[in-house]
Amino acid sequence: MRAIGYQLSAISVGVAAVVAAQQLRPARLGIGTPATPQEIKAADDDVTPSGHGLPSGSGSVAEGKLVFQKNCVGCHGATGVEGPMDKLVGRMPGDSFPFGKDPRLLTERTIGNYWPYATTVYDFIHRAMPQDRPGVLTAHETYAVVAYLLWRNGILPANAVMNARTLPQVKMPARNRFVRDDRSGGSHIR
């Protein structure tokens with residue numbers, strides 16, 4: 001009985017400590033300011049698979065090669081396959097997707113064999129690359145390097161120009177290999 005009494009006392013002390021800590025917490029920390037509508041709009045620059053959110057501008061394969069040489073070769077190699085970071089160029093023979101059934105068959109997730117949307121390539125490069133200076137590429141430079149990488153992966157011709165109209169029209173080899181998330185909210189989960 002004495003052991004149960006000690007356990008109950010310990011639980012009571014623990015609950016009391018949690019309640020006291022919650023009562024001492026301020027409702028606000030007193031730092032920062034609420035974001036203005038203009039600040040929210042400036043930060044809302046994501047690009048959807050349909051191309052919503054793509055900025056104006058354009059870039060060609062030839063221009064993209066120069067942007068790539070200036071900003072990307074240190075991590076991805078001269079042609080996007082040498083590394084030391086992720087390999088960007090490569091396709092499975094016949095655009096097969098064997099790693100859909102056996103993930104061990106996926107050696108590298110390149111733009112040419114894994115990414116389902118060209119617009120996502122744009123969004124990722126625009127936000128996160130180059131890794132040591134994310135976000136420094138202009139829309140023009142980003143369109144150009146995406147055009148170059150899609151050409152290197154055999155998806156676009158050498159004379160391709162990417163912009164907000166042409167980029168969403170690119171059919172990526174892996175586009176139909178992913179299951180679309182069509183949930184629309186609510187408590188159900190598929």
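The values are calculated or read from the model by the stated rules, or taken from the named source; none is laboratory data. Model, not experiment: these values are computed from the prediction. Positions of Cβ are generated from backbone atoms using ideal geometry, with glycine treated the same way; all protein chains shown enter the neighbour counts.
Of the residues A42, A35, which single one is assigned to a loop (DSSP other than H, G, I, E, B) and exposed (fewer than 13 other Cβ atoms within 10 Å of the Cβ)?
Numbers: A42 fails: assigned to a loop (DSSP other than H, G, I, E, B).
It is A35.
Identify, please: which residue in the stretch 134-171 is within 16 Å of the chain's Cα centre (by Cα) and free of Cβ contacts under 8 Å to residues at least 24 places away in the same chain and is, among those, farthest from S50 (Cα to Cα)?
Per the stated criteria, the residue is P134.
List the number of the failed condition for S56; all other conditions in (1) more than 22 Å from the chain's Cα centre (by Cα); (2) surrounded by fewer than 10 Cβ atoms within 10 Å (Cβ to Cβ); (3) at pLDDT 95 or above; (4) not aliphatic (A, V, I, L, M) hold.
All conditions pass for S56, except number (1).
Is at least one residue of the stretch 117-134 of a type in the set (D, E, K, R), part of a loop (DSSP other than H, G, I, E, B) and over 25 Å from D46 (Cα atoms)?
We begin by selecting, within the stretch 117-134, every residue of a type in the set (D, E, K, R); these are 123, 127, 132-133.
Now narrow it down to the ones that are part of a loop (DSSP other than H, G, I, E, B): 132-133.
Of the ones still in play, those that are also over 25 Å from D46 (Cα atoms) are none.
Looking through the stretch 117-134, none of the residues is of a type in the set (D, E, K, R), part of a loop (DSSP other than H, G, I, E, B) and over 25 Å from D46 (Cα atoms).
For the stretch 159-190, give me the residue count where each residue is basic (K, R), at pLDDT below 95 and not in a helix (DSSP H, G or I). Steps first, please.
If we filter the stretch 159-190 for residues that are basic (K, R), which is where we start, we get 165, 171, 175, 177, 180, 183, 190.
Within this subset, residues satisfying the condition of being at pLDDT below 95 are 175, 177, 180, 183, 190.
If we keep only those that are not in a helix (DSSP H, G or I) as well, we get 180, 183, 190.
The qualifying residues number 3.
Results for (1) modelled with pLDDT of 90 or more; (2) out of contact with any strand residue (DSSP E or B) (no Cβ under 9 Å at 6 or more places or on another chain); (3) not in a helix (DSSP H, G or I), shown as yes or no for each residue.
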site: G5; (1), (2), (3): no, yes, no
site: P49; (1), (2), (3): yes, yes, yes
site: G64; (1), (2), (3): yes, no, no
site: G74; (1), (2), (3): yes, yes, no
site: V81; (1), (2), (3): yes, yes, yes
site: T107; (1), (2), (3): no, yes, yes
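Kindly establish whether L156 is under 20 Å from D44 (Cα atoms), assigned to a loop (DSSP other than H, G, I, E, B) and at pLDDT 95 or above.
The answer is no for L156.
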